[in-house]
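What follows is a single structure, written as structure tokens, with notes after it.
Any read-out appearing in this document is the output of simple, stated calculations on the displayed coordinates, not a laboratory observation. A quick note: this is a predicted structure, and the numbers were derived from the prediction, not measured. Please note: Cβ atoms are built from the backbone with ideal geometry, for glycine as well, and neighbour counts cover all protein chains shown.
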Amino acid sequence: DGGSRPDYLAGLNPEQTEAVETLEGPVLVLAGAGTGKTRVLTTRIAHILNTGRAFPSQILAVTFTNKAAREMKERIALLVGGAVEGMPWLGTFHSIGVKLLRRHGELVGLRSDFTILDTDDVVRLIKQLIQAEGLDDKRWPAKQFAGMIDTWKNKGLGPADIPEGDARAFANGRGRDLYFAYQARLTTLNACDFGDLLMHPIAIFRKNPDLLKEYHGRFRYILVDEYQDTNTAQYMWLRLLAQRAKGEPQNVCCVGDDDQSIYGWRGAEVDNILRFEKDFPGAKVIKLERNYRSTEHILGAAAHLIAHNEGRLGKTLFTDRSDPDDVKVQVHASWDSEEEARAIGEEIEQLQRGKHLLNDIAILVRASFQMREFEDRFVTLGLNYRVIGGPRFYERLEIRDAMAYFRLVAQASDDLAFERIINTPKRGLGDTTVRALHDYARARDIPMLAAAADIIETDELKPKARKALFDVIQSFRRWQELLENTPHTELAEQILEESGYTDMWKNDKSAEAPGRLENLKELIRSMESFESMRGFLEHVSLVMDAETNENLDAVSIMTLHSAKGLEFDTVFLPGWEEGLFPHQRSLDESGRAGLEEERRLAYVGITRAKHRCHIWFVSNRRIHGLWQSTLPSRFLDELPETHVEVAEMEQSYGGYGRGGYGQSRFDKAEPFANSYSTPGWKRAQANKTDATRDNWGSRSGHAVERIGYGESGPKGRTIEGE
Ligand code: ATP
Ligand code: MG
């Protein structure tokens, strides 16, 4: 390259430098959290561009999320001085797949304006096919088959490839035919599903060697971040593009960490790491061992925890970042989740008083339903927050619908609410009726609900619509009467039941429906802390009004799954209880695989923190209207005493204005780790419970029944359009 070394190389350690400068031939960077894997990839791209080895359009770079892709683009622009003319092939596997298909879709029978179906669409379509086959769609649920297709596609299996046994498992051996029919139907509709965004490009490249060759020529450099979470189809896709004929340049660089593989439930194969060296002989494997992100305590806690997993590739991690002021990882207990949100809110306010930016704080939850309590609390406190990787709780479709019912009961002139729910669930009150009502109301300057009451006395509507409208109005009259004297949570439940809204989701077979029902229950539960329906509605309108401006200084709330690759100065990890984390589903599974993936998720969570990491557990959780006493997560027992301390429980209860961090209640000499039988947590929990029971007398009766938690992980997948 000649000349002096560019600035962007200056700060790298020798191993990182090697990974950046080894531009010829396959490279695998296998390294723990925070060792600079993503930084290496970014710098490598900058280096390629800066030395004129390739144009931006000749680099294929894969990130795990669209957000990560955007950030990488920004960083590269900074490193090379803003001279980058876009990076058209930097994105997720899915977004790159869309791009390829828009260009070459005709080779698999798709026009360039094809549509991408979401999960709901897919399930609906499969249901039609099942019925068309004369099969009982109760016995053979469409949702289940959609899941099977997804699994097959993650493994790169088309209808012709699925093993006999698998095919026989569904619909008396007609699974394979159905899969064929499904694909044919998609083609007719000029549509594809998420799996096809990988499957089609694979098929196109396999069937058209010349085209593949063209892309080999185009992509001079290929880079993949979060490589441990690639699934088989993604790996096949990658291998097609990266494996070259002998003598041709094969410049592929993958970076990953087997301990952070958290998408096994979606088909990710950690074994792809091992396959890499086989498929790309002579690959240079580089290990990065110095962590630049976290303090010694945070790293020590994470390393000790993950050591409980078997079947690891094994890595060393160290940090030079130790400062006498560094605090240990803090473990806190709260009575219940409301208390947990309150205590975390306190901690955050205290940090804020110490001039800590909210942008540097994250709350990482195991399951998305946990977010609601924090959102509510932060609105009360006036703390800005943003939810990453999904809508805020009160913005979800089902919550908005339910709220529209409540609003209309409390405020009969709320026309927006009226229009939202008058035909949800479907009652045969379609657009024509709504338009007629609208005109009628406008002409008389009255609210639509009042207009509806008037109009049924006339013959403006068809008898069917009139009858349906009559029924709805009766219901609203009844609910309005109950408003003053019925407990508002009871009324809310009654409204959702009687309106048919709950049933609408119960009868819905889509993958989202159970999560939506769970959110509706959480909604009812969230009303409990308010005196009245009106008080609650007022609160929600404030929540909805809270700004979500990107530039605002705000706490980030997200699931652990969507926190991958990110870092924050301070991280809060609430809900470390058996059944929630590790999740009940992983405990029900036989074998260790599920539990080990949960532990990796815990490892990902802790290693997001740079300076402070607070872990929380509660002794009671209310799920589906039942109090359950909970056990502290086994992961807590797997944390090392040297790097972890227990915050003073009584204080965290007594006054909310507690200052500083508490002392460990464990004798320093007493081994704290490696035993579930260590009475430590139990003792801590018991003390705390005793100390607070009196204050919570009325709440102390709780059912001990254990109920599984529902939906978790990131909701849906998004791809960036072109
Ligand atoms: P993860 O496994 O969580 O994705 P990672 O290995 O990708 O982590 P990065 O996010 O690239 O790690 O880096 C972690 C932090 O360390 C970042 O803030 C990064 O800027 C910083 N960092 C990495 N390498 C260096 C270095 N040589 N000097 C200073 N800081 C560094
Ligand atoms: Mg990274």
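Ranked for footprinting exposure by Cβ neighbours inside 10 Å, fewest first, S413, S499 give S413, S499. Here r is the Cβ-Cβ distance between D553 and D320 and R0 is 22 Å; the resulting FRET efficiency, rounded to 0.05, is 0.15.
In this structure, T22 and A160 have a Cβ-Cβ separation that, at R0 = 51 Å, corresponds to a calculated FRET efficiency of about 0.80.
Size check on the range 85-230: the Cα extents along the three principal axes, sorted descending, read 54, 32, 27 Å.
Put in order of Cβ neighbour count within 10 Å, fewest first, the listed residues K328, K155, K213 become K213, K155, K328.
Taking the Cα centre of each part, how many Å lie between the range 229-272 and the range 105-171? Their Cα centres are 25 Å away from one another.
In this label model, E289 and R534 are separated by 6.8 nm, measuring between points 7 Å along each Cα→Cβ vector. Hydrodynamic analysis of the range 467-581 uses the Kirkwood radius over alpha carbon pairs. Inserted into Stokes-Einstein at 37 °C and 0.692 mPa s, it gives a translational diffusion coefficient of 184 µm²/s. With a simple spin-label model that places each label point 7 Å from the Cα along the Cα-to-Cβ direction, the separation between L631 and T151 comes to 2.9 nm.
Residues L313, L566 in ascending order of nearby Cβ atoms (within 10 Å, fewest first): L313, L566.
DSSP finds beta bridges in the chain, and of those with both partners inside it, around 15 percent are antiparallel. Once the convex hull of all Cα atoms in the chain is built, its volume per residue stands at 189 Å³. One equal scatterer on each Cα of the range 58-171, no solvent, Debye formula: the resulting log10 I(q)/I(0) at q = 0.15 Å⁻¹ is -0.86. Mean sequence separation of contacting Cα pairs (under 8 Å, at least six apart), scaled by the length of the chain, corresponds to a relative contact order of 17 percent. Look at the dipole of the chain built from charges on Cβ: of Y603, T630, A10, the Cα furthest out on the positive end belongs to A10. Residues whose amide H falls under 5 Å from that of L90, counting only those 5 or more places apart or on a different chain, are A61, with hydrogens built in the peptide plane. Using Cα positions and a limit of under 20 Å, work out the lysines in reach of K246, with same-chain residues fewer than 8 apart set aside. Once the sequence-local lysines are set aside, what remains near K246 is K213, K278, K284. Across all C-alpha atoms in the range 213-317, the radius of gyration and Dmax reach 16.0, 50 Å.
The gain in end-to-end length when the Q411 to L240 segment is fully stretched comes to 55.5 nm, 0.36 nm per residue minus the alpha carbon separation.
The coefficient of translational diffusion for the range 343-483, derived via Stokes-Einstein from the alpha carbon Kirkwood radius under 37 °C and 0.692 mPa s, stands at 182 µm²/s.
Averaging the sequence gap over all C-alpha pairs within less than 8 Å and six or more residues apart, then dividing by the number of residues, gives the range 119-270 a relative contact order of 22 percent. Rg/Rh for the range 445-508 (Cα atoms only, Rh after Kirkwood) is 1.05.
Given their separation in residues at 0.36 nm each and the Cα-Cα distance between them, K355 and R53 gain 104.2 nm when the chain is fully extended. Remark on V555: its backbone amide H falls under 5 Å from those of N384, Y385, R386, a criterion applied only to residues 5 or more positions apart or on other chains, H modelled at 1.01 Å from N. The mean sequence distance of close C-alpha pairs (under 8 Å, at least 6 residues apart), as a share of the length of the range 332-481, puts its relative contact order at 15 percent.
Largest first, the three principal axis extents of the alpha carbons in the range 395-444 are 32, 23, 15 Å in whole numbers.
Entry note, the chain: the mean residue ellipticity at 222 nm calculated from DSSP H runs of n ≥ 4, each adding -39500 (n - 2.57), is -14000 deg cm²/dmol after division by the residues and rounding to the nearest 500.
So if R0 is 41 Å, what FRET efficiency would R444 and R124 give, r being the distance between their Cβ atoms, rounded to the nearest 0.05? E between R444 and R124, to the nearest 0.05, is 0.55. In this simple spin-label approximation, E71 and E484 carry label points 7 Å from Cα along the Cα→Cβ vector, and these lie 5.5 nm apart. Lysines near K127 by alpha-carbon distance under 24 Å, same-chain residues fewer than 8 away left out - which ones? Candidates past the 8-residue exclusion: K138, K143, K153, K155, K426, K506, K509, K715.
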